[in-house]
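Here is the structure we will look at.
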Amino acid sequence: MKDIQDLENNESILLMYLAGELPPQDHAEVEQMVMSDPNLREQLSSLQQMQQQVNGALKELDSVTCPPLPATFAEAEICRMIQQWHGERERRKRTLIVPRRAVMPRIWLGLAAAASIAIGYLVWGAYHPPITPPGPRLPDIAADDEKLNLMGLTMTVSDGIADTEMQVAAAMASSDDLDGSTDSGGHTDTSNQ
Amino acid sequence: MSDDRSLSMQRELVSQITAPVPQSDEALVRRLRDGEPAAGELLVKRHCTSLLRYLQRLVGSDHLAEELHQQTWTSVLENLERFNPSLGGGFKAWLYRIATNKANDHWRSRGREKIAKEGMRLISDELAPQAGAGLENTEELSKLRLAIDLLPANQRQVLLLRYYSDLKFIEIAQILGCPLNTALGRMHKAILRLRQLMSEEARGASTTP
């Protein structure tokens with residue numbers, strides 16, 4: 001629309017008017033001007049005549065000269081091009097699908113590898129049970145100690161363990177003594193008897 | 001009586017609805033893109049002859065016109081996915097823009113002078129009368145053809161685009177990449193020059209005994 005507003009001369013406006021390409025409002029305005037201005041009317045009539053003459057001459061020229069190619073031949077040639085283009089396009093589409101199929105085994109291969117690793121780990125895990133570290137037990141003992149203290153007992157579990165350990169140590173020492181006496185005499189000491 | 005009338009009206013309505021509506025170029029392009037080559041063939045039937053004629057008059061050589069015509073359609077097919085009807089006119093404007101660009105590229109690559117010489121030679125080659133044409137008529141028309149070829153390229157383009165493509169001036173200006181006012185000015189000059197030449201011819205013919 002801006003281009004139409006920028007039309008500089010009468011010829012341009014009249015050409016647009018003759019072609020019926022002016023906006024309705026401008027068309028009506030030009031029509032009114034042509035009606036009232038005889039010079040403009042003459043200009044319009046001359047332009048119209050020239051245009052008709054040139055169009056007529058071009059039409060005549062086309063009627064007596066052959067096109068570069070017979071219409072049917074030219075059409076057939078382009079249609080053949082379209083068919084070829086379509087065929088290639090379809091082929092390209094198919095080749096785009098094939099790699100997708102080829103990619104599938106790769107995906108399965110990856111999944112199979114992941115599954116075998118997982119199974120291997122499980123099997124290994126079944127024969128090697130996890131070793132629980134002794135550390136976490138200490139707080140439990142402490143907690144038990146507290147419980148026992150609350151109950152008013154003087155001996156705690158840890159003390160009990162310590163006692164047990166001492167008892168075990170004593171037992172081991174006594175067994176050592178026993179062994180030692182056996183070893184020295186080869187038999188029990190009977191000197192007191 | 002009224003039943004008959006309503007029945008006939010209904011039939012008329014149905015026939016109007018079911019009558020084949022010619023599809024727009026853009027709809028055919030969409031169908032072609034969707035994999036329907038028959039739609040492309042319809043497009044070719046619509047535009048092939050006028051495009052070929054446009055190129056024939058634009059370059060002044062049958063052989064070159066044929067070559068450029070083929071190049072144009074090849075380009076159309078190659079760029080079909082990129083065609084956007086909302087940008088710069090419809091399919092016809094796009095088709096003629098490609099054809100005009102092909103002709104411009106050719107001129108640029110071969111050099112204007114060489115082409116002008118070649119064009120003149122081809123025009124003289126084509127002066128032989130064709131079947132069904134009167135001698136006088138042929139001579140006049142040959143001169144008209146020569147006059148078209150002698151028009152400055154930019155004036156010739158506007159004139160021929162208008163005549164063969166029947167595009168609006170505003171679309172022609174878009175194709176040529178110039179303001180509407182410039183395109184209209186070129187059109188006016190081209191008409192004046194051709195008319196001048198034709199009136200000279202007419203005067204010459206009337207003075208000869």
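Just so it is clear, none of the values below were taken in a lab; they were calculated from the coordinates. Everything numeric in this text was worked out from a predicted model, so none of it was measured. Virtual Cβ from ideal backbone geometry, glycine too; neighbours counted across all protein chains shown.
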Segment B:GLU26-B:LEU87, extension gain: residue separation times 0.36 nm, minus the distance between their alpha carbons: 20.7 nm
Shielding of A:9-18 by partner chains, average beta-carbon count, 10 Å: 4
Evaluate peptide A:82-89: per residue, the Cβ atoms of other protein chains within 10 Å of its Cβ; return the mean as an integer. 5
Cβ neighbours within 10 Å, averaged per peptide: list B:53-61, A:120-128, B:98-106, B:40-48 in order, most packed at the top. B:53-61, B:40-48, B:98-106, A:120-128
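Per residue of B:67-77, what is the mean number of Cβ atoms on other protein chains within 10 angstrom of that residue's Cβ?
Counting Cβ atoms of other protein chains within 10 Å of each residue's Cβ and averaging gives 3.
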